[in-house]
Each structure stands twice: as C-alpha cells, then as structure tokens.
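The values are calculated or read from the model by the stated rules, or taken from the named source; none is laboratory data. Model, not experiment: these values are computed from the prediction. Every residue, glycine among them, receives a Cβ derived from its backbone with ideal geometry; neighbour counts consider all protein chains shown.
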C-alpha cells in the first residue's frame with residue numbers, strides 16, 4: 001500500500017508539474033504571438049507613413065513642375081530630382097547607343113543610331129552626343145579631434161573652450 005501511495009503522489013506531482021509547464025508555455029507563446037502581431041501592425045503603419053511621405057513628395061514635385069512656389073527646401077530637393085532624372089536619361093541614352101539605337105528627338109520612338117529621319121514621325125534627327133562621365137574624387141578634410149593647450153600641453157577634446165588643467169582659454 002505504501003508503494004501505491006507513493007506512486008500516486010509521484011503521479012500527482014508529475015501531473016501538476018506538467019500542467020504548470022503547459023500553462024507557462026501557453027502564456028509565453030500567447031505573449032509571443034501578441035508581440036509578433038503588434039510588431040507586424042507597427043511595420044504596416046510605418047509602411048503607410050512612408051507611402052504618405054512619397055505621396056506628399058510627389059505632390060510637391062508636381063507643384064514644382066507646374067511652376068508653383070514650393071519653398072526653398074522643397075525647391076532644393078526638386079532640383080536634385082531633376083538632376084537625377086537627367087542622369088538617368090543620359091544613362092538610358094548610353095544603353096541605347098551601345099545597341100546602336102537612340103530615341104527620336106520629336107516623338108521619342110526608338111530608332112537606329114544612324115537614322116537621319118525618324119521612321120515613325122519623319123522628323124529630321126540631330127547628331128547624338130553623349131555626356132562624358134566625370135570621375136568625382138572626394139577629398140576628405142582632416143577634422144581635428146583634439147586640442148593641445150599651448151600653456152601646459154594638456155591634450156583635450158576639440159570642442160572644449162578652456163583647458164581643464166590650467167584654465168587657458170582656447
């Protein structure tokens with residue numbers, strides 16, 4: 001009997017432990033699922049914000065193209081877009097040029113590079129000229145990171161106004 005009683009107690013403890021473990025795992029997995037849902041919702045909302053920014057930017061750029069005053073900041077950004085579009089168009093010309101093709105100056109139809117007249121609209125074509133790529137070499141200016149006090153020789157951060165050892169005013 002004693003043996004059966006101990007097996008019963010052991011079985012009960014195992015059952016309680018299993019139940020407690022199940023509850024813990026279920027609670028943690030439920031929290032994980034909720035966290036994942038929340039993160040996905042946040043990501044969706046952030047994507048909506050990006051789309052709204054794009055829509056606003058397109059509206060500003062379209063206003064700029066129609067001649068409206070969009071302010072200095074937006075005009076600067078719109079001019080960047082103009083420059084990028086110009087660079088893209090130049091690259092597209094190079095791609096066509098490498099295939100012995102070009103766009104008609106009148107109707108933008110793709111025609112042979114050596115065509116004198118467009119076979120779509122009949123307009124006379126000017127000789128094509130490609131812009132040479134300029135190699136941009138950036139020179140990095142050496143920015144001082146520290147100062148040396150002329151009075152006591154202590155090395156300090158560049159942004160300090162006074163020497164912390166002798167009080168010298170930089």
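Are any of the residues in segment 1-17 part of a helix (DSSP H, G or I) and within 23 Å of the chain's Cα centre (by Cα)? Scanning segment 1-17, I find no residue that is part of a helix (DSSP H, G or I) and within 23 Å of the chain's Cα centre (by Cα), so the answer is no.
The listed residues are 15, 30, 71, 67, and the only one of them that is at positive phi and surrounded by 10 or more Cβ atoms within 10 Å (Cβ to Cβ) turns out to be 71.
Residue by residue, here is whether (1) part of a helix (DSSP H, G or I); (2) modelled with pLDDT of 90 or more holds:
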residue	(1), (2)
59	yes, yes
64	yes, yes
86	yes, yes
90	yes, no
122	no, yes
128	no, no
136	no, no
165	no, no
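The listed residues are 73, 50, and the only one of them that is within 28 Å of residue 83 (Cα to Cα) and modelled with pLDDT under 85 turns out to be 73.
Checked against (1) at pLDDT 85 or above; (2) touching a strand residue (DSSP E or B) at 6+ places or on another chain (Cβ under 6 Å); (3) over 30 Å from residue 96 (Cβ atoms), residue 118 passes all but a single condition, namely (3). Of 45, 28, all but one fail to be within 41 Å of the chain's Cα centre (by Cα) and modelled with pLDDT under 80; the exception is 28.
No other residue among 52, 108, 43 is free of Cβ contacts under 8 Å to residues at least 12 places away in the same chain and outside any helix (DSSP H, G or I) apart from 108.
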